[in-house]
Every structure is written in structure tokens, then in C-alpha cells.
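Chemist: Please read through the structure below; I'll follow up with questions.
The values are calculated or read from the model by the stated rules, or taken from the named source; none is laboratory data. All values derive from a computational prediction rather than experimental measurement. All Cβ positions, even for glycine, are placed from backbone atoms using ideal geometry, and neighbour counts span all protein chains on display. Note: accessible area is taken over every heavy atom of the protein model, side chains too, but ligands, DNA and RNA are not part of it. Shrake-Rupley method; radii C 1.70, N 1.55, O 1.52, S 1.80 Å.
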Amino acid sequence: MPAINGSAFLERIRQLQAEIWIDGQKIKGNICDHYAFKGVLKSKAALFDLQLTKDFMTYKSPLTGDRVGTSYLQPRTKEDLEKRRLTTQEWAKTSGGMMGRSPDYMNAGVMALGSAWEWFENKEHFGQNIKKLYEHARENDITFAHTFVNPQVNRSIGYFDDDTAEPISARIVETNSNGLVIKGARLLATQGGITDELLVLPIGGNFIEESFIYAFSIPSNTPNLKFICREPFSCSNSVFDHPLGSRFEEMDTIVVFDNVLVPWDRVFLYNDYNIVNKMYEESKFYPFLLHQAVARQVIKIEFLLGVAQLIVDTIDISGYQHVKEKVSEIIIGFETMKALLLVSEMEAKEDKRGIMLPGLNPLYTAISTFPKLYPRIVEILHLLGASGLISIPTEKDFNSDIKGDLHHYLQAASGDAQMRTKLFRLAWDISTSSFGGRQTLYERFFFGDPVRLNTSLYNSYSRDNAINLAKSLLDAE
């Protein structure tokens, strides 16, 4: 099957019937109609429809010649990297970058792993497994959720989960002729249960005990696999009242493996320290995830810049210098992130497999900048909107007997009360609602601990040229 449309995606998810728990209840019936999921599933379906309308968003499959999604494209040239970026940004524009786990994010990771399949190859043919997974996903537009975070039981340096009978962190408790048996939990599977597959990756760290060395992908409806949801932030189906939450609430889940059997043909890593220690470096997993993430974040800042300027224009506060200074902060952030993204493509180089890799240093710089930048932009929206972010009637108010009062007292310098309220509800949903709060926390830790990210940049960044320049002037007569 070539690239699918939105209806085909929704039908596939409807038939999946994964085990999902929300507010103490197991979901039954059509997940596409459930109040917590129908908004985001409709928005995801629109991505697949959009993909079919833009030539650059698909390419010819090397296996079948059918058109398949560009998010699975192995880039061989800088033009291919640009095509991948444009695809990500075209999708991101539909949500203002608020959908952090659009399909292209993990598609990039699966592409990277599948391109490095020989690194995983052994007598069990694990390399062939990841290659087949990549090809199957590419040819069928498969969507993935993923997880590589253990439960936060005890974050002290010396803690180690050694309960093999009733483990907390998901671990291998048995191997047999059929596959691995996994028991325990993983965290933060965003969109868990509403994607075709769940990709489970190693947790990393300086030491990994043998029963934690595994990587595999399984269907989201695999027996004994359950997804436990947090409280939904969609709040209502009204696009007027919750313009973002009603459409782009992705849901985060705890993943519970209750003796889940993972067939051997689904495993691409098992009990091999040599492979696990270098799998992300060898597969170039991070450069491609970062390239996608930064491309989306650029669109997100541009969206917030637009909202900020609309607030300025609507209540006519452009005459104040401090307002221009605040909006300029967003402009500087936008141009900085955009420049870093483009430099990563300019500095792209071909690796030993003939894959064109984006420059890593600009991407690490961008992903380390954004966790500081995004909360500041949210703060700027607070400062610009002020009490306007609180005085926000609902859609029903404007359809009631008090609509006359609202139209009189909430009118704007450049628009009517309903237009003003709609704008301020959008800014509120970005900055102040439960959906917006989750977005800020999400972007703070999107690619992990910011301190760890900065440490990684410091450790990997070559400073030889800078040191030599400094020494040349230091030693000058």
C-alpha cells in the first residue's frame, strides 16, 4: 500500500483496539469518537490527506515505485534534507508546531535505525528485523509511539531497580523459543495506544543490567500491553473555547508490560553491550530526530510571534517601546533557530553509508536554546495579554442573552469582541491553560535534561580552532 489518506489512517486506528485506560475506565468502542482522542486523531488524519497534495511530501519507493511519505526518505543529498525539512514544516503549520509527536518525528528515527541495519546484524538476524520494520513502515505509512524512560521511583545516583520478581522498570523476565517476555513499566509514551506500533528503545546510562538491554517494536494492541493515560487536557470539543487543546491534545501514557511476549522477529537488539553502547551514534539516530524537532520548533516560534503581534495590533499597544522590545525577543529567537536549522543543512556531510547527515553542532545548539526560549515567549504572551487572558467568555456566552454586553464591553481597537475573545482564548490556550502548561513543560524537557544536553555539547564540540586562534594572539610579539 502506498502513502495513505486520512480515512485509511482512522480506520486502521479504529480497528486496532489497543488497551487504553483513562480516568479509571478501560476504553471500549471506537477510539476515534472518544472525547479525549477524537480531536488529535482528526488532526493526524488531516496530515495524511495533506501529504497527498504536495509533491515534495512523497517520493517513489525504492521497492515498489509507489509514492511513500518523505518522512521515511533516506537523504542522499542536501536537497533531500531540505525536502525532509519542508515536509516536517508543512505538517507543523497545521498545528502551529503544537503537535510534538506528529508521525514524522519517530519516522525519522525508524529511518535512521533501518539505514544502519547492519550494525544490529548477528546470527539471530536482528539487523534484518529492523530493516524489514523500516521498509514495512515506509511502504504502509505506519505510525509509531515510543518510550525509553523508566518510572521516576528514585532518582538518586545509587538507586538500582533489582526486583526481578515484580519489577518496576520494564525488563526481560524470560526468554523462550517464541521471543522475549517483558514485565514492568515505561513512561511518557506520547500518543500511546493511538499509533500502529510502539517502539521500545534502550534506556541508556553508564551501566545497563542485562535484562534491560533490548529494543523492539510491537503493535499497540499486543496482548498484555496496556496504556494508562493522564487526565486529558482537551477539556471540551469547542474550537472557540479551546482552539489548541480540542484539536492537538496528544495524551501522554504510562506503558505497562504485563508479561508481554515480544516475538523474535520483532526484536532488533538483545543482550549485546557492544551494540547498545554505540547504537545511537552508529545509526545517527539523534541527528535526524533533532533535524525534525528543530524544524518543528521553528514553525512553533513563528506561530507564537504571529499571536503576539495580533495581540499588539488588536489592543493597539505598539506605541510602547517595551512592547516592541518584547516582540523583538521573539523575532530574535525565531531568526536564531531558523539560522541554526539552515546551517545544519549547509554543514551536512555524507556518512559511510552514503546518508547525508545534518550538522550536529548547530542542532544541539538549537535544541539547547529552545528550552530557555520557549518559556520566555510564553511569559511575553502573559505580559502582552495581561488581564485579557483572564477576561475570556465562552462560545456559549456569545450565543446567549448577554452577548450584547460582551460585544459592547469587550470590543477591541481593531476588531469586535468575538474576534478579540477568540484571539485571547488562543493566547490563553498557548500560555495559561492546562494544555499550554503541558506544552511549556514538554518543551523544557523535549530532548532530555537541559544540563545533560549542554554537557553533551561541551564534550563533543571541537574547540581546537578557537584555542589556536586564542594562542596565536596570546603568543604574538
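Chemist: Find all pairs meeting these conditions: Cβ atoms under 7 angstrom apart; at least six residues apart or on different chains; first residue within the stretch 390-410 and closer than 11 Å to Phe240 by Cα; second residue surrounded by 13 or more Cβ atoms within 10 Å (Cβ to Cβ) and among the polar types (S, T, N, Q).
Modeler: Partner pairs satisfying both residue conditions: Ile392/Thr421; Pro393/Thr421; Glu395/Ser238; Phe398/Gln418.
Chemist: Further question: Going by the conditions given, is Ser318 modelled with pLDDT of 95 or more and in contact with a helix residue (DSSP H, G or I) (Cβ under 8 Å, 6 or more places away or on another chain)?
Modeler: Working: modelled with pLDDT of 95 or more: yes; in contact with a helix residue (DSSP H, G or I) (Cβ under 8 Å, 6 or more places away or on another chain): yes.
Yes, satisfied.
Chemist: Check the stretch 79-87 and report whether any residue there is open to solvent by less than 10 Å² (accessible area, probe 1.4 Å), within 18 Å of Met111 (Cα to Cα) and in a helix (DSSP H, G or I).
Modeler: Taking the stretch 79-87 and keeping what is open to solvent by less than 10 Å² (accessible area, probe 1.4 Å), we get 81, 87.
In the following step, the residues that additionally are within 18 Å of Met111 (Cα to Cα) were identified as 81, 87.
Cutting the leftovers down to in a helix (DSSP H, G or I) gives us 81, 87.
Checking the stretch 79-87: at least one residue is open to solvent by less than 10 Å² (accessible area, probe 1.4 Å), within 18 Å of Met111 (Cα to Cα) and in a helix (DSSP H, G or I).
Chemist: Among the residues of the stretch 389-403, what is the count of those that are of a type in the set (Val, Ile, Thr), buried (at least 17 other Cβ atoms within 10 Å of the Cβ) and more than 13 Å from Phe424 (Cβ to Cβ)? Lay out the reasoning, then the answer.
Modeler: In the first step, residues of the stretch 389-403 are kept if they are of a type in the set (Val, Ile, Thr); the result is 390, 392, 394, 402.
If we keep only those that are buried (at least 17 other Cβ atoms within 10 Å of the Cβ) too, we end up with 392.
Among the residues that remain, those that are also more than 13 Å from Phe424 (Cβ to Cβ) are: none.
The qualifying residues number 0.
Chemist: Can you list the strands (runs of 3 or more DSSP E) lying wholly within the stretch 193-299 that have 1 or more residues being under 26 Å from Thr369 (Cα atoms)? Write out each step before concluding.
Modeler: Working: elements: 197-200, 214-219, 225-229, 252-263, 267-270.
In the stretch 193-299, 252-263 are the strands (runs of 3 or more DSSP E) which contain 1 or more residues that are under 26 Å from Thr369 (Cα atoms).
Chemist: Name the residue that is farthest from Leu304 (Cα to Cα), counting only residues in the stretch 432-473 that are open to solvent by 50 Å² or more (accessible area, probe 1.4 Å) and within 15 Å of the chain's Cα centre (by Cα).
Modeler: Here the residue is Phe445.
Chemist: Residues of the stretch 43-78 being charged (D, E, K, R) and either over 22 Å from Leu289 (Cα atoms) or surrounded by fewer than 22 Cβ atoms within 10 Å (Cβ to Cβ) (or both), which ones?
Modeler: Of everything in the stretch 43-78, those that are charged (D, E, K, R) and either over 22 Å from Leu289 (Cα atoms) or surrounded by fewer than 22 Cβ atoms within 10 Å (Cβ to Cβ) (or both) turn out to be Asp49, Lys54, Asp55, Lys60, Asp66, Arg67, Arg76, Lys78.
Chemist: Next question. Any residue that is touching a residue at least 40 places away in the same chain (Cβ under 8 Å), within 21 Å of Arg14 (Cα to Cα) and open to solvent by 40 Å² or more (accessible area, probe 1.4 Å) - is there at least one of those in the stretch 235-253?
Modeler: Step one: of the stretch 235-253, the residues touching a residue at least 40 places away in the same chain (Cβ under 8 Å) are 235, 237-238, 240-253.
Next cut, within 21 Å of Arg14 (Cα to Cα) only: 237, 246-253.
Keeping just the survivors that are open to solvent by 40 Å² or more (accessible area, probe 1.4 Å) gives 237, 247.
There is at least one residue in the stretch 235-253 that is touching a residue at least 40 places away in the same chain (Cβ under 8 Å), within 21 Å of Arg14 (Cα to Cα) and open to solvent by 40 Å² or more (accessible area, probe 1.4 Å).
Chemist: Is there any pair with a first residue in the stretch 13-32 that is in contact (Cβ under 8 Å) with a residue 40 or more places away in the chain and a second that is in a loop (DSSP other than H, G, I, E, B) and among the aromatic types (Phe, Trp, Tyr) whose Cβ atoms are under 6 Å apart and which are 6 or more apart or on different chains, and what are they?
Modeler: Listed pairs, sorted by first residue: Ile31/Phe37.
Chemist: Please work out which one of (1) at pLDDT 95 or above; (2) open to solvent by less than 50 Å² (accessible area, probe 1.4 Å) is the condition Asp272 fails and give its number.
Modeler: Checking Asp272 against (1) at pLDDT 95 or above; (2) open to solvent by less than 50 Å² (accessible area, probe 1.4 Å), the one that fails is (1).
Chemist: When you scan the stretch 194-244, how many residues do you find that are at pLDDT below 95, among the hydroxyl-bearing types (Ser, Thr, Tyr) and within 15 Å of Asn271 (Cβ to Cβ)?
Modeler: 1
Chemist: Could you count how many residues in the stretch 24-40 are exposed (fewer than 10 other Cβ atoms within 10 Å of the Cβ), in a loop (DSSP other than H, G, I, E, B) and not small (Gly, Ala, Ser)?
Modeler: At the first step, the residues of the stretch 24-40 found to be exposed (fewer than 10 other Cβ atoms within 10 Å of the Cβ) are 24-26, 28-29.
Keeping just the survivors that are in a loop (DSSP other than H, G, I, E, B) gives 24, 28-29.
Now restrict to residues that are not small (Gly, Ala, Ser): 28.
Qualifying residue count, the stretch 24-40: 1.
Chemist: Go through the stretch 203-227 and give me each residue that's open to solvent by 30 Å² or more (accessible area, probe 1.4 Å), under 18 Å from Arg14 (Cα atoms) and either of a type in the set (A, V, I, L, M, F, W, C) or in contact with a Leu (Cβ under 6 Å, 6 or more places away or on another chain) (or both).
Modeler: The one that is open to solvent by 30 Å² or more (accessible area, probe 1.4 Å), under 18 Å from Arg14 (Cα atoms) and either of a type in the set (A, V, I, L, M, F, W, C) or in contact with a Leu (Cβ under 6 Å, 6 or more places away or on another chain) (or both): Asn221.
Chemist: Which of the residues spanning the stretch 411-420 are without any contact (Cβ under 8 Å) to a residue 40 or more places away in the chain and crowded, with 17+ Cβ neighbours inside 10 Å?
Modeler: If the condition is that a residue be without any contact (Cβ under 8 Å) to a residue 40 or more places away in the chain and crowded, with 17+ Cβ neighbours inside 10 Å, then Ala417, Gln418 are the ones that fit.
Chemist: Another one. Under the condition of being among the aromatic types (Phe, Trp, Tyr) and out of contact with any strand residue (DSSP E or B) (no Cβ under 7 Å at 6 or more places or on another chain), which residue from the stretch 119-149 is nearest to Val255 (Cα to Cα)?
Modeler: If we filter the stretch 119-149 for residues that are among the aromatic types (Phe, Trp, Tyr), which is where we start, we get 119-120, 126, 134, 144, 148.
Retained after the next criterion (residues that are out of contact with any strand residue (DSSP E or B) (no Cβ under 7 Å at 6 or more places or on another chain)): 119, 134, 148.
Working: Trp119: 28, Tyr134: 23, Phe148: 11 Å.
Once the filter is applied, the top-ranked residue is Phe148.
Chemist: Continuing with the same structure: So which residues in the stretch 97-131 are of a type in the set (Lys, Arg) and free of Cβ contacts under 8 Å to residues at least 24 places away in the same chain? First the steps, then the outcome.
Modeler: Residues of the stretch 97-131 of a type in the set (Lys, Arg): 101, 123, 131.
Result: Lys123, Lys131.
Chemist: Another one. Quick check on the stretch 1-23: of everything there that is within 25 Å of Val260 (Cβ to Cβ) and touching a strand residue (DSSP E or B) at 6+ places or on another chain (Cβ under 6 Å), which residue is surrounded by the most Cβ atoms within 10 Å (Cβ to Cβ)?
Modeler: Ile20
Chemist: Taking helices (runs of 4 or more DSSP H) that fall entirely within the stretch 350-443, which contain at least 2 residues that are closer than 29 Å to Glu250 by Cβ and in contact with an Asp or Glu (Cβ under 9 Å, 6 or more places away or on another chain)? Talk me through it step by step, then tell me what you get.
Modeler: Values: elements: 360-385, 395-398, 403-409, 417-431.
The helices (runs of 4 or more DSSP H) meeting that bar are 360-385, 395-398, 417-431.
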